[in-house]
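Enquirer: Below is the structure I would like to discuss, written out as structure tokens.
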Amino acid sequence: MSQFNLATTNYNDDMNTYTFAVLPGDGIGPEVMEVALEVLKVSGEKFGFNLDYKNADIGGIAIDNHGLAFPDSTKVICEESDAILFGSVGGPKWENLPPEEQPERAALLPIRKAFSLYANVRPGLLYPQLTDASPLKKERIPSGIDIVCIRELTGGIYFGQPKSTKILPNGQQQAIDTMVYQTSEIERIAQVAIDTARARGSKVCSIDKANVLETSVLWRKVVNDFFEEHAPEVELSHMYVDNAAMQLARDPNQFDVLLTENMFGDILSDEMGVICGSLGMLASASLGANNNSHGHPFGLYEPSGGTAPDIAGMGIANPCAQILSAAMMLRYSFGELKAASAIEKAVEAAVTSGTRTGDIAFGLESVDTVAMGTAVLTNL
Ligand code: NAD
């Protein structure tokens, strides 16, 4: 059943060549991408693999250059790749376009759909040395935060049909979104949560709203049955989404792996981003339904934050989220576990030794994007 297994994916011994699409996007995207590519290059030399990547436009820059946020030329490059390393898209320049043409909506949703990116894996990681970055009180998170959110990404209310707005005979406007889930969609995301939990603390909390929503009643039943049959050793609990939002703010480390549907995951994973401090540190993976030419899941890897228009072009963005996204690509899509861990350790070492961009400096002298990257490379 499992398309991949995070606990047992093997390190590749051969000199592999990995092909991936590089979509830097807008704002700080290209600035942090350049640093992440340098880190990948050095890790390839150190761990013995080749990287073969092609750049393509996505988001606002793609609208400017091709008239579309996700042009066919970009799609073809992604189709020919084993993974996508993504920056971020959007910005004030495109905010006056009709909503369906704006970079985020016109690039992110179609790319998720085109590659069946159904599983969003978002680590909520805060190093103990960075607890100042969190709005939570230090005594609640003495050793930082270490949790993961597994969010279903291609179903639920964001994609369900019918979806429409119409004018009623009484003159009022009425809008409809449809929340819909099927057994197979729930089972495959449950499997990702199981694989993730097995590689960590073996605990999954499934989040729903089963006291109100039909889809949540089904979600809870399918998750229960699936865990009972496939992972009886993984501790499974359930929580309503409103309570989960409170518990995350109260005591995040009571969770190990959170498993949830699309909209709840959107909200909870952003809350995780806030309690973990700067968006500049948070990576994410969106894994696809199909395997790549190396037998690992095709995936899209991107920072959790956006294009940061307030600091774009200044060369001061934190590149760590993009670097950690690249590490996730090595782990999930290429099976290069040692290289991925080495990059993660290098980021942690650089940050905890005091090299920090402005978003995580807290009184220390801050460095620019390139210097942050250099510190990671030195530790690598
Ligand atoms: P944002 O994430 O871009 O910025 C929020 C705050 O976090 C800003 O103060 C920013 O400076 C800071 N920040 C984010 N990343 C950082 C980094 N790497 N280093 C240092 N500081 C960082 O969110 P926003 O302002 O709401 O959105 C800006 C644009 O990004 C919008 O057009 C939005 O649509 C787009 N966006 C895109 C994505 C995506 O591509 N996946 C996600 C979110 C927002």
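Enquirer: What number of residues in segment 155-202 are exposed (fewer than 11 other Cβ atoms within 10 Å of the Cβ) and either part of a loop (DSSP other than H, G, I, E, B) or among the hydroxyl-bearing types (Ser, Thr, Tyr) (or both)?
Expert: In the first step, residues of segment 155-202 are kept if they are exposed (fewer than 11 other Cβ atoms within 10 Å of the Cβ); the result is 161-162, 164-175, 184.
Now narrow it down to the ones that are either part of a loop (DSSP other than H, G, I, E, B) or among the hydroxyl-bearing types (Ser, Thr, Tyr) (or both): 161-162, 164-165, 168-172, 184.
Final tally of qualifying residues: 10.
Enquirer: Now, a different point. If you scan segment 105-126, which residues turn out to be outside any helix (DSSP H, G or I) and either within 15 Å of SER325 (Cβ to Cβ) or among the aliphatic types (A, V, I, L, M) (or both)?
Expert: Of everything in segment 105-126, those that are outside any helix (DSSP H, G or I) and either within 15 Å of SER325 (Cβ to Cβ) or among the aliphatic types (A, V, I, L, M) (or both) turn out to be LEU117, ALA119, ASN120, VAL121, ARG122, PRO123, GLY124, LEU125, LEU126.
Enquirer: Can you give me the number of residues within segment 63-77 that are part of a helix (DSSP H, G or I) and over 18 Å from PHE20 (Cβ atoms)?
Expert: 5
Enquirer: State which residue is nearest to the chain's Cα centre (by Cα) when the search covers only segment 54-80 and only residues that are away from the ligand (no atom under 15 Å from the Cβ) and among the β-branched types (Val, Ile, Thr).
Expert: Checking each candidate, the answer is ILE77.
Enquirer: Return the residue satisfying two criteria in turn: it lies in segment 243-286 and is in a helix (DSSP H, G or I) and of a type in the set (S, T, N, Q), and of such residues it is farthest from CYS320 (Cα to Cα). Can you show your working first?
Expert: Within segment 243-286, the subset in a helix (DSSP H, G or I) is 243-250, 252-254, 262-275, 279-281.
Okay, now just the ones that are also of a type in the set (S, T, N, Q), so 243, 247, 253-254, 262, 269.
Numbers: ASN243: 31, GLN247: 27, ASN253: 22, GLN254: 26, ASN262: 26, SER269: 18 Å.
Residue satisfying both the conditions and the ranking: ASN243.
Enquirer: Would you confirm, using the coordinates I've provided, whether ALA83 is farther than 30 Å from ALA249 by Cα and more than 16 Å from the ligand (Cβ to nearest atom)?
Expert: On the way: farther than 30 Å from ALA249 by Cα: yes; more than 16 Å from the ligand (Cβ to nearest atom): yes.
Yes, satisfied.
Every residue, every condition in (1) within 20 Å of LEU213 (Cβ to Cβ); (2) touching a residue at least 24 places away in the same chain (Cβ under 8 Å); (3) assigned by TED's automatic domain parsing to the domain that holds ALA361, yes or no:
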| position | (1), (2), (3) |
| --- | --- |
| GLU235 | no, yes, no |
| ALA245 | yes, yes, no |
| PHE264 | yes, yes, no |
| ALA289 | no, yes, yes |
| SER304 | no, yes, yes |
| ASP310 | no, no, yes |
| ALA317 | no, yes, yes |
| GLN322 | no, yes, yes |
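Enquirer: Looking only at segment 331-339, decide whether some residue is surrounded by 24 or more Cβ atoms within 10 Å (Cβ to Cβ), closer than 16 Å to ILE360 by Cα, modelled with pLDDT of 95 or more and out of contact with any strand residue (DSSP E or B) (no Cβ under 9 Å at 6 or more places or on another chain).
Expert: The answer is no, given that none of the residues of segment 331-339 is surrounded by 24 or more Cβ atoms within 10 Å (Cβ to Cβ), closer than 16 Å to ILE360 by Cα, modelled with pLDDT of 95 or more and out of contact with any strand residue (DSSP E or B) (no Cβ under 9 Å at 6 or more places or on another chain).
Enquirer: Scan segment 345-353 and tell me whether some residue there is within 22 Å of LEU23 (Cβ to Cβ) and within 15 Å of the ligand (Cβ to nearest atom).
Expert: From segment 345-353, those within 22 Å of LEU23 (Cβ to Cβ) are 347; that's our starting set.
Going one step further and asking which of them are within 15 Å of the ligand (Cβ to nearest atom), we end up with 347.
Yes - at least one qualifying residue is present in segment 345-353.
Enquirer: Six or more apart or on different chains, Cβ under 7 Å: which pairs go from a residue in segment 96-121 that's farther than 16 Å from ASP64 by Cα to one that's basic (Lys, Arg) and surrounded by fewer than 22 Cβ atoms within 10 Å (Cβ to Cβ)? Could you list them?
Expert: PRO99/ARG105; ALA114/LYS75; TYR118/ARG188
Enquirer: Which members of segment 350-370 meet the condition of being assigned to a helix (DSSP H, G or I) and crowded, with 16+ Cβ neighbours inside 10 Å?
Expert: ALA350, VAL351, GLY358, ASP359, ILE360, THR369
Enquirer: What's the number of the condition GLY315 fails, among (1) over 22 Å from ALA199 (Cα atoms); (2) modelled with pLDDT under 95; (3) in contact with a helix residue (DSSP H, G or I) (Cβ under 6 Å, 6 or more places away or on another chain)?
Expert: (2)
Enquirer: Checking CYS276 against (1) within 30 Å of PHE20 (Cα to Cα); (2) touching a helix residue (DSSP H, G or I) at 6+ places or on another chain (Cβ under 6 Å): exactly one of these is not met. Which one?
Expert: Of the numbered conditions (1) within 30 Å of PHE20 (Cα to Cα); (2) touching a helix residue (DSSP H, G or I) at 6+ places or on another chain (Cβ under 6 Å), the odd one out for CYS276 is (2).
The values are calculated or read from the model by the stated rules, or taken from the named source; none is laboratory data. Everything numeric in this text was worked out from a predicted model, so none of it was measured. Positions of Cβ are generated from backbone atoms using ideal geometry, with glycine treated the same way; all protein chains shown enter the neighbour counts.
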